Amino acid sequence: MSRRFETILLETDADGIATVTLDRPDKLNAFNRLMLDEMVAAFDATDADDSVRAVIVTGSGRAFCAGADLSASGGATFDYAASGGWNGAESPVRADGSVDFSNPAVRDGGGILALRIFASHKPVIAAINGPAVGVGVTMTLPMDFRLASDTARFGFVFARRGIVPEAASSWFLPRLVGIEQALLWCYSARLFDSAEALKGGLVRSLYPADDLLPAARALARELTAETAPVSVSLMRRMLWNGLVASHPMEAHRIESRAIWARGASDDAREGVAAFLEKRGARFPDRVSEAWPDFAEWFDNPAYR
């Protein structure tokens, strides 16, 4: 599968590793409404394509993503009341000047993308090849792994722009790096280098620029080469869901359902047979067919 959008490129190799490349190099891959729509469409496509086993997100040129594109609207970039929000829905501003915060137009674009990535049925790896600032870094937080170039730079710069973190990052970031580190980076709003990102737990590993994508692809293959696609997909949701479980019983409930369902599957029979026969497994079940049954196990519709 290969598809060129206007702001991104989607390619899938023979091993089923899809690569989403942010492709506005002349703008340092700055994020705009069209990129939001196209990235959501790309994740819809990778979920629907059973040949895709994992997704890598990277940037073209010398940046990963420089944040929101400020060039079009300037100081009004984040004034959603003036711009109509990210999805062009009816204005949430009532006649008396109050705001209907339940209106879809209030939702921030980074959050729409982050929740779509969070809901991915395939593992997601960020290959951060250069500066990742604002939404350029927060969009990576719901990805499962973050690998970075040793020359990459990061910044949760929202306080310097007079706004606050978005893309559900107030949920993701403290879970990834701890509350003290999250507060330090957000309060100071300063840029920091890849070494600090590694020490602080934001990224998993660092590579010379030319080695970054090969390393991301090697990790993707490690995750998928000998594993059942449906099992990996379901585990992704189970482990993320476990972060907010209020009691181990919630995990036990989901795991019991999953073991019951997967234990009776063709994949389980094949996995056991392959082990006993000392051969590689050929798992027949398909993620796109399995997920409608799993979705009802998770209370939040965003998980679906």
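The values are calculated or read from the model by the stated rules, or taken from the named source; none is laboratory data. Computed from a prediction, not measured in an experiment: that's the story for all the values here. Ideal geometry is used to build each Cβ from the backbone, glycine not excepted, and the neighbour counts take in all protein chains shown.
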Would you point out which residue out of Pro142, Pro131 is in contact with a Lys or Arg (Cβ under 6 Å, 6 or more places away or on another chain), at pLDDT 95 or above and in the same structural domain as Ala66 (by TED's automatic domain parsing)?
Pro131
Taking helices (runs of 4 or more DSSP H) that do not extend beyond the stretch 155-214, which have at least 3 residues that are closer than 17 Å to Gly136 by Cα and of a type in the set (A, V, I, L, M, F, W, C)?
169-177, 179-188
Enumerate the helices (runs of 4 or more DSSP H) found wholly within the stretch 216-299, keeping only those where 2 or more residues are in contact with a Leu (Cβ under 8 Å, 6 or more places away or on another chain).
248-263, 287-294
Lone qualifier among Leu176, Leu276, Leu234, Leu239 - being under 26 Å from Thr151 (Cβ atoms) and not aromatic (Phe, Trp, Tyr):
Leu176
I'm checking my understanding of the structure. Among residues of the stretch 268-297 that are of a type in the set (Asp, Glu) and buried (at least 16 other Cβ atoms within 10 Å of the Cβ), which one is nearest to Thr46 (Cα to Cα)?
Asp285
Here are Met238, Met249: which of them is closer than 22 Å to Arg286 by Cβ and in the same structural domain as Phe294 (by TED's automatic domain parsing)?
Met238
Options Ala14, Ala63, Ala42: the member that is small (Gly, Ala, Ser) and within 14 Å of the chain's Cα centre (by Cα)
Ala42
Working only within the stretch 172-212, note down all residues that are farther than 22 Å from Asn129 by Cβ and crowded, with 17+ Cβ neighbours inside 10 Å.
Gln181, Ala182, Cys186
Out of all the residues in the stretch 205-227, is one or more under 30 Å from Ala281 (Cα atoms) and touching a Lys or Arg at 6+ places or on another chain (Cβ under 6 Å)?
yes
Considering residues of the stretch 258-267 that are farther than 12 Å from Ala228 by Cα and surrounded by 12 or more Cβ atoms within 10 Å (Cβ to Cβ) only, the residue nearest to the chain's Cα centre (by Cα)
Ala258
Those strands (runs of 3 or more DSSP E) lying entirely in the stretch 1-57 with at least 3 residues more than 20 Å from Leu115 (Cα to Cα) and among the aromatic types (Phe, Trp, Tyr)
none
Ser149 fails exactly one of the following numbered conditions: (1) of a type in the set (S, T, N, Q); (2) farther than 28 Å from Val52 by Cα; (3) surrounded by 22 or more Cβ atoms within 10 Å (Cβ to Cβ). What is the number of that condition?
(2)
Condition test on Asp50, is it surrounded by fewer than 23 Cβ atoms within 10 Å (Cβ to Cβ), among the charged types (D, E, K, R) and touching a Lys or Arg at 6+ places or on another chain (Cβ under 8 Å)?
yes
